[in-house]
Amino acid sequence: MERRSFFKATAGMAAAATVAATGRANAQDKKFTIALIPGLTTDAFYITMRKGAEAAAKAVGAELVFQGAPDFNPVTQVPVLDAVVAKRPDAILIAPTDKSQLIQPLKNASDAGIPVITVDTFIGSGVYQTGAGDADFPLSYVASDNVLGGEIAARALAKAIGDKGKVYVSNVKPGISTTDQREEGFKKEMANHPGITVLETQFNDNDANKAASQLQAVFARNSDLAGVFGANLFSALGAANGVQQAGQTGTVRVVAFDAPTSIVDNINSGLVDLAIAQHPAEIGYFGFMVAYAHLTGNSVPISIGTGFTVIDKSNVTDPNVAKFIYSD
């Protein structure tokens, strides 16, 4: 974990510990209900985030409500958000599925007196409580430093391909805060590797089959393709399948962002070279504690950054590393 992320996370841990110790007294026995709206309900990343939030809820004697849509899409997330707002929870944690389209629906929640905290993804610029712009009203943003995550992925891929060759980013679609930032960080770091050419980004709409087809098309145009960075799980697994279908496993290297249990077999088989694991349980835990701290009259940080763990064949069985693989 880079130093800046470590200090942010450490500050969050200290704040969380204080809240857990004193929150019940400050709350004067009121049992708060805090809602967590994930990007989607079926992904291991958000399931693990829920477990972290549940641990925090148990620690302070509050109630967690977990409600979301089955796909990562603002069209399906907004009705879920509206339904949650109608139930009047004391606070909302949400992973917005679009940094622009969720602004007004979340503003409606905030205007209704429900504190909003974003987790994993953000709205606007992700910089809150500045008094500027129309998307700075959330109290806090709790997430991985996704620009840093992209930089880590770029350094890992550059090392894997010997600092030379052609690479590209397999991404979801523009407008998703996390994957936008991962691509930004990846390209920023790759600028420090003059022997590597970054080709045009391929957007796959979170469809692994489309990502596989795109890999084969890119390889057909660039027979010297050396690597691909999957900016989220489906992008990476789709690209890896495309590499396999093209008969290039071990030649075209694949770096995946996110690490569910299914990634282990892919790393061991060589289909995926390495995975950048976030710490979603920490995101859920700290997000819940930030909400609880605010509700019990404490000041809260406007951002908390959690770290990353790089997983490859050499360490995937290490218990200190394996604990960061997301559980289903």
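Once the whole set of protein chains is in place, how much accessible area is left on L225, using a 1.4 Å probe, in Å² to the nearest 10?
Around 10 Å² of this residue is reachable by solvent.
Quote to one decimal, in nm, the extra length available between T261 and K173 on full extension: 0.36 nm per residue of separation minus the C-alpha distance between them.
Gain on stretching T261 to K173: 29.2 nm.
Which value in nm describes the separation of the simple spin-label points at K313 and D134, placed 7 Å from the Cα toward the beta carbon?
The modelled label-to-label distance comes out at 5.2 nm.
Need one number: nm distance between label points at T76 and T201, each 7 Å from Cα along Cα→Cβ, rounded to one decimal.
Placing both labels 7 Å beyond Cα along the Cβ direction yields 2.3 nm.
Please give the contour-minus-distance gain from K159 to S100: 0.36 nm per residue of separation, less the Cα-Cα distance, rounded to one decimal in nm.
Details: separation 59, 0.36 × 59 = 21.24 nm, distance 3.57 nm.
Between K159 and S100, full extension yields an extra 17.7 nm.
Quick one: with all protein chains in place, what share of the accessible area of the chain is carbon or sulfur, to the nearest percent (1.4 Å probe)? Numbers along the way, then the final one.
Values: 6760 of 13160 Å².
The value for the chain is 51 percent carbon and sulfur by accessible area.
Quick check on the chain: of the DSSP beta bridges with both residues there, what percent are antiparallel, nearest 5%?
Once the DSSP bridges in the chain are tallied, antiparallel ones form about 10 percent.
Given a 1.4 Å probe and heavy atoms of the protein chains only, how would you sort V264, V310, V255, largest accessible area at the top?
Working: V264 35, V310 60, V255 0 Å².
Accessible-area ranking of V264, V310, V255, largest first: V310, V264, V255.
Taking all protein chains together and a probe of 1.4 Å, list V127, V218 from the most accessible to the least accessible.
V127, V218
T42 to S299: extension gain in nm, 0.36 nm per residue of separation minus the Cα-Cα distance?
Value of the extension gain: 89.2 nm.
What is the list of residues in region 143-177 whose amide nitrogen lies under 19 Å from a point 7 angstrom out from the Cα of Q245, following Cα to Cβ?
Only 168-173 pass the distance filter.
Where does the chain land at 222 nm, in deg cm²/dmol rounded to the nearest 500, when only DSSP H runs of n ≥ 4 count, each adding -39500 (n - 2.57), divided by all residues?
-14500 deg cm²/dmol
Excluding ligands, DNA and RNA, what is the solvent-accessible area per residue of region 101-224 at a probe of 1.4 Å, expressed in Å²?
Details: 4970 Å² over 124 residues.
Per residue, region 101-224 has 40 Å² of solvent-accessible surface.
Cα axis of helix 208-221 to longest principal axis of the chain: angle in degrees, 0 to 90, nearest 10?
The two axes meet at around 30 degrees.
The values are calculated or read from the model by the stated rules, or taken from the named source; none is laboratory data. Fair warning: this is a prediction, and the values are worked out from it, not measured in the lab. Neighbour counts are summed over all protein chains in view; Cβ atoms, including those assigned to glycine, are modelled from backbone coordinates with ideal geometry. Remember, those area values only see protein heavy atoms, side chains included, never the ligands or the DNA or RNA. Shrake-Rupley method; radii C 1.70, N 1.55, O 1.52, S 1.80 Å.
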